[in-house]
Structures are given as structure tokens and as C-alpha cells.
1. Sort 164-173, 116-125, 226-235 by the packing proxy (mean of other Cβ within 10 Å over each peptide's residues), most packed first.
2. In whole Hz and in residue order, list the ³J(HN,Hα) couplings for the range 197-206 that follow from phi through the Karplus curve 6.51 cos²θ - 1.76 cosθ + 1.60, θ = phi - 60°; x for Gly and Pro.
3. If amide hydrogens are placed 1.01 Å from N in the peptide plane, which non-local residues have theirs closer than 5 Å to the one on Gly204?
4. For the pair Thr137/Ser150, report the inter-label distance in nm, with labels modelled 7 Å from Cα in the Cβ direction.
5. Name the residues whose placed amide hydrogens come within less than 5 Å of the amide hydrogen of Leu131, ignoring near sequence neighbours (fewer than 5 apart) on the same chain.
6. Report ³J(HN,Hα) in whole Hz for each residue of the range 210-220, in order, from the Karplus equation J = 6.51 cos²θ - 1.76 cosθ + 1.60 where θ = phi - 60°; Gly and Pro get x.
7. Running Debye on the range 153-245 with equal point scatterers at the Cα sites and no solvent, what base-10 log of I(q)/I(0) appears at q = 0.12 Å⁻¹?
8. Short version: ³J(HN,Hα) in whole Hz for each residue of the range 93-101, in order, from phi by Karplus 6.51 cos²θ - 1.76 cosθ + 1.60 (θ = phi - 60°), x for Gly and Pro, what are they?
Amino acid sequence: MINRREALKRTALAATALTASAAWKVVRAQNAPPVPPAPAPTGPFQLPPLPFAADALEPAIDAQTMTIHHDRHHAAYVAGLNKAVTEAPELASRSVEDLLRYLDTVPEKVRTAIRNHGGGHFNHSLFWQMLKKNVGTGPTGALAQAIARSFGSLANFQAGFSKAALSVFGSGWAWLTLDGKTLKIETTPNQDSPLTHGRTLLLGVDVWEHAYYLKYQNRRADYLAAFHSVINWDFVATRYQAALA
Ligand SMILES: [Fe+2]
């Protein structure tokens, strides 16, 4: 049984704890991000936030498409990748880049899942960073020279890139890659990543219908024309210089 002095002491301590708790809630609320965070990851791989607001690339890429593309489709690839590594836990400590680059080292029972969902996660994570509004008319510096050397001109590159993207039957991607020191325009089906074939990804365009159908319906060519106006050439150039170094 406690005496009156002990009861008063305990009441005071409890009040102090409550005050501290309330104050902490206020601090947390003041520091909370304006947009609700993505759902808590259920595995080692996490959905990166978009590096811009969903409507930042309007009118080239509309906000609804951007939101669904990132919050639903990319999130689904992350969830699929996390599910795959529950069946092969030894993969959980490896980066998605490492898993794709050395896909032949991945156990066969989860290889297709890693290829599809890991590819989807990696490709989209880069894709968001390859986009930006009001970025000028094209690449500069060493990358500009390399594109001119490889394709004749920026206009020729753009035409070849769009032609490749239009040639993808069904779902897939078109890429500007670096094969050794050679720039190449390539395509991959589904979520296959050129990384698996030893390439460095410099620029990619997602031509799955989920990337454009809400705004452009079946007009993939119009989507591609708009895409060329929102390329983050600084990001592409940085990857090019890093790869050469
Ligand atoms: Fe996509």
C-alpha cells in the first residue's frame, strides 16, 4: 500500500510523461511531410518517392497518369520483388541492380519474378529521374558530342529513339544505352532491363500503355513527341560521364 506522498509523486511523474508525449506529437505533426508517405514496405525493397510533384510534367505527362504509374504500378513491382525474396531470403541483402546485372546467379525458382518485378522496380526508379520539366532543348557537353558522333545529330537521335519506341510490340521500353563506350538505341520487352545484358542505362522511355493511355489513348507517337520535351538531360549526362569514368 502506498502513502499519500508516494501517490502524489506518482501522479506528478505521470503528468510529466503525458506532457512530454503530447509535446512530441506536436513536434511530429509539425515535421510531417505534406503528402502521406508510401505504405510501409513489407520487405527490403522500397518505393522511392517521385522526385517532383505529380503534375510537374503537365501537359506532357498528366498528373493522374503519373500518380497511378508511380503509386500503383511501380509500387506493385516493389511488392512483387519483396515477395520474390521471401522465397529466396539470401537475395534480400543484394541491391536490385546487382540482382539484375547477375540474373544468372539468382535461383531459378525466383528468376522470372526477379526479372519482371526487379526489372520493373529498377527501370521505373531510373525513369522518374530521367524526367524533368523545362530542361532546355537537349544535351550539352561530352554527351552532346557523343550523340552527334553516333547518330549524326540530336534530331536524328530523337527520330531513331522514337522509331525504336514505336517498334516495341506490346509492352516494353526503348533505351539509349552505353555498350562499352558505344552509344546504342535498343528496346526490351516487358520489364527486361539492358542491365542484364551488360549495358549502362542512360535514357529510357516506358511504352507500356499504363505510361500514356489515359491521356494519349493509342497515340503512342504523340506521347513520344511529348516525352522528348521532358527529358532530364543533366541526369543523362551525369550517368554518361560516370560510366566513362
Ligand atoms: Fe511503367
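1. Ranking, from highest mean packing down: 116-125, 226-235, 164-173.
2. Taking θ as phi minus 60°, the curve returns 9, x, 8, 9, 7, 9, 8, x, 10, 7 Hz for the range 197-206.
3. Counting only residues 5 or more places away or on other chains, the set is Leu176.
4. 2.2 nm
5. Long-range HN contacts for Leu131: Asn232.
6. For the range 210-220, the Karplus-derived couplings read 5, 7, 8, 5, 4, 9, 9, 6, 8, 8, 4 Hz, x marking Gly and Pro.
7. Log10 I(q)/I(0), no solvent term: -0.36.
8. These are the phi-based 3J(HN,Hα) values: 8, 8, 6, 5, 4, 5, 4, 6, 5 Hz.
No lab work stands behind these numbers, since they all come straight from the coordinates. In this text, all values refer to a predicted model and were calculated from it rather than measured experimentally. Every residue, glycine among them, receives a Cβ derived from its backbone with ideal geometry; neighbour counts consider all protein chains shown.
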